[in-house]
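S.K.: I'd like to ask you about the structure that follows.
The values are calculated or read from the model by the stated rules, or taken from the named source; none is laboratory data. Given the structure is predicted, the values throughout are model-derived calculations rather than measurements. Positions of Cβ are backbone-derived with ideal geometry, glycine not excepted, and every protein chain shown enters the neighbour counts.
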Amino acid sequence: MSEQKKIEKISGVKGMNDVLPADAAMWELFENTVQSVLKSYGFQQIRTPILESTNLFSRGLGEVTDIVEKEMYSFEDALNGDKLTLRPEGTAGIVRAALEHNLTYDGPKRLWYTGPMFRHEKPQRGRYRQFHQVGAEALGFSGPDIDAELIAMCQRLWDDLGLQNVRLELNSIGDAHERQQHRVDLIAYFEQHKEVLDAEAQRRLYSNPLRILDTKNPNMQAMVNAAPKLIDYLGEESKSHFEGVQKILRHNSIPFTINPRLVRGMDYYNRTVFEWVTDELGSQGTVCAGGRYDSLASIFGGKATPACGFAMGVERLLELMKASGELHSPSECDVYLVHQGAEAQMQSFVIGERLRDAGLDVVLHCASAVGVGSFKSQMKKADASGASFAIIIGEDEASSNSVTIKAMRAEDMDNNQIKLPFELVVDYIVDQITGGSETDSSCDNPNHIHIHH
Ligand code: ATP
Ligand code: MG
């Protein structure tokens, strides 16, 4: 016998998670709900590449933002020297694509996207290096109505997902010139309280003082609370835009609180900003964040395009869904096919295909490294699959061209089996599952029946 060399196992990248089959049903439920809610507001999906030129983000998000300063996966393409970045967020790429393809040539566009984002952060609960966002971008709209619509759309999504403990925080950060005046006063104020500023705040004092307002340091809260409020610097137009948003929200009974300290991490935001927050996820409590970004298209050298959008963190929302409970895992299939013997195996394969023709979900028991296993072990699998019926083909059945059908969820378990000739099986099962009624009569092929689960 030759000596076995120990082969080193390869693990996944830190902070980048596998979504395992046990969670797949919940992801599917989330994604389907998102799709139908967004569609109900007329949003169309857009898919942009995961890689973009690095300068798209450094220019779009701002050089002194957290993301650009220290969170981006940037590298040089060894084959041609291109400077590339794994997208840390979706908005920059979508605005780039919209400008490149002149998507708003015939008017404003409502767009949405979903997919992985990448940020080199310290992995912890609710904070990963690859995570997923669903976002919406409404391009070319300038009024407060679209801001309110985006918020209403989120509210509807939470309702449809059964999430109750998410609340809306709202603010206006005004336009650039209003922020400029505020910034001057804010820096002066922080300079007067230098002894309270932590290292992070000291570092940001002149580069991004607005972000200091966002600090989580408890020792700075009192000082930050008394700082000049941006909202007091808003001019008439910004003010009336902000009031417009609030008016629509109130009129539609969407509760919110105004948080004058709410700012966003990217430079491109102006006027309306909002966050959906929960207390159920510890310190990573923001599940969705967004706002208006009227200047981003111009920053990219495109024609001025007012816009508003949001992005939600899928992992955080799924964790909330889990916490809100009662998500039973759905069954794998309607029918599980159990068989013993070579002839039976051939027949069960054919029955499986016929049942799928009729619109059913079917799992055929297939061989593992130890073969197909005993009848008993196959029945255990049938039970675990959650199937409504097991179809059993043993040697007896195979030789008489028949099958045994066992109702796995029958109330009367003493009377839950029936033996039927091969050719009656499909009709019988379809009948049982649809209660003999829900057949699609518009279908050309009388044998092809659409099952509504
Ligand atoms: P935070 O303050 O939590 O760092 P952020 O301001 O960086 O959030 P955004 O860039 O606005 O977040 O992204 C929108 C949403 O995406 C967040 O509200 C959050 O739900 C989610 N999100 C952001 N970063 C991560 C991450 N590293 N892991 C998981 N979800 C994230
Ligand atoms: Mg962040």
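S.K.: Failed condition for LYS216, given (1) surrounded by fewer than 12 Cβ atoms within 10 Å (Cβ to Cβ); (2) assigned to a helix (DSSP H, G or I), with all others met?
M.R.: Going through the list (1) surrounded by fewer than 12 Cβ atoms within 10 Å (Cβ to Cβ); (2) assigned to a helix (DSSP H, G or I), LYS216 breaks only (2).
S.K.: If you don't mind, another one. Anything in the stretch 127-168 that is away from ligand 2 (no atom under 16 Å from the Cβ) and in a strand (DSSP E or B)? List them, or say none.
M.R.: Answer for the stretch 127-168, where residues must be away from ligand 2 (no atom under 16 Å from the Cβ) and in a strand (DSSP E or B): VAL134, ALA136, GLU137, ALA138, LEU139, ARG167, LEU168.
S.K.: Sticking with this structure for a sec: I need the full set of residues from the stretch 64-96 which are in a loop (DSSP other than H, G, I, E, B) and away from ligand 2 (no atom under 16 Å from the Cβ), in order please.
M.R.: Within the stretch 64-96, ASP77, ALA78, LEU79, ASN80, GLY81, ASP82 qualify.
S.K.: Are there any helices (runs of 4 or more DSSP H) wholly within the stretch 308-391 with 1 or more residues that are of a type in the set (Asp, Glu), under 30 Å from GLY265 (Cα atoms) and within 16 Å of ligand 2 (Cβ to nearest atom), and if so which?
M.R.: Because the criterion is at least 1 residues that are of a type in the set (Asp, Glu), under 30 Å from GLY265 (Cα atoms) and within 16 Å of ligand 2 (Cβ to nearest atom), the helices (runs of 4 or more DSSP H) in the stretch 308-391 that meet it are 314-323.
S.K.: Related question: I'd like to check something: does the stretch 223-239 contain any residue that is more than 16 Å from ligand 2 (Cβ to nearest atom), under 26 Å from GLN155 (Cα atoms), modelled with pLDDT of 95 or more and not in a loop (DSSP other than H, G, I, E, B)?
M.R.: Among the residues of the stretch 223-239, at least one is more than 16 Å from ligand 2 (Cβ to nearest atom), under 26 Å from GLN155 (Cα atoms), modelled with pLDDT of 95 or more and not in a loop (DSSP other than H, G, I, E, B), which makes the answer yes.
S.K.: Output the residue which, of all residues in the stretch 100-122 that are within 8 Å of ligand 1 (Cβ to nearest atom) and not in a strand (DSSP E or B), is surrounded by the most Cβ atoms within 10 Å (Cβ to Cβ).
M.R.: ARG119
S.K.: I've got another one for you. Just one of ARG271, ARG264 is closer than 21 Å to TYR233 by Cβ and part of a loop (DSSP other than H, G, I, E, B); which is it?
M.R.: On inspection, the qualifying residue turns out to be ARG264.
S.K.: Please work out which one of (1) touching a Ser or Thr at 6+ places or on another chain (Cβ under 6 Å); (2) crowded, with 20+ Cβ neighbours inside 10 Å is the condition GLU332 fails and give its number.
M.R.: Status for GLU332: all satisfied but (2).
S.K.: At pLDDT 95 or above and more than 30 Å from THR65 (Cα to Cα): is that true of TYR336 in this structure?
M.R.: yes
S.K.: If you don't mind, there's one more thing I want to ask. Any residue that is surrounded by 20 or more Cβ atoms within 10 Å (Cβ to Cβ), modelled with pLDDT of 95 or more and assigned by TED's automatic domain parsing to the domain that holds ARG59 - is there at least one of those in the stretch 249-258?
M.R.: Scanning the stretch 249-258, I find at least one residue that is surrounded by 20 or more Cβ atoms within 10 Å (Cβ to Cβ), modelled with pLDDT of 95 or more and assigned by TED's automatic domain parsing to the domain that holds ARG59, so the answer is yes.
S.K.: Can you pull out every residue in the stretch 28-60 that is among the hydrophobic types (A, V, I, L, M, F, W, C) and either under 15 Å from GLY90 (Cβ atoms) or exposed (fewer than 14 other Cβ atoms within 10 Å of the Cβ) (or both)?
M.R.: VAL34, LEU38, PHE43, ILE46, ILE50, LEU51, LEU56, PHE57
S.K.: Would the stretch 126-145 turn up any residue that is hydroxyl-bearing (Ser, Thr, Tyr) and within 16 Å of ligand 1 (Cβ to nearest atom)?
M.R.: Among the residues of the stretch 126-145, at least one is hydroxyl-bearing (Ser, Thr, Tyr) and within 16 Å of ligand 1 (Cβ to nearest atom), which makes the answer yes.
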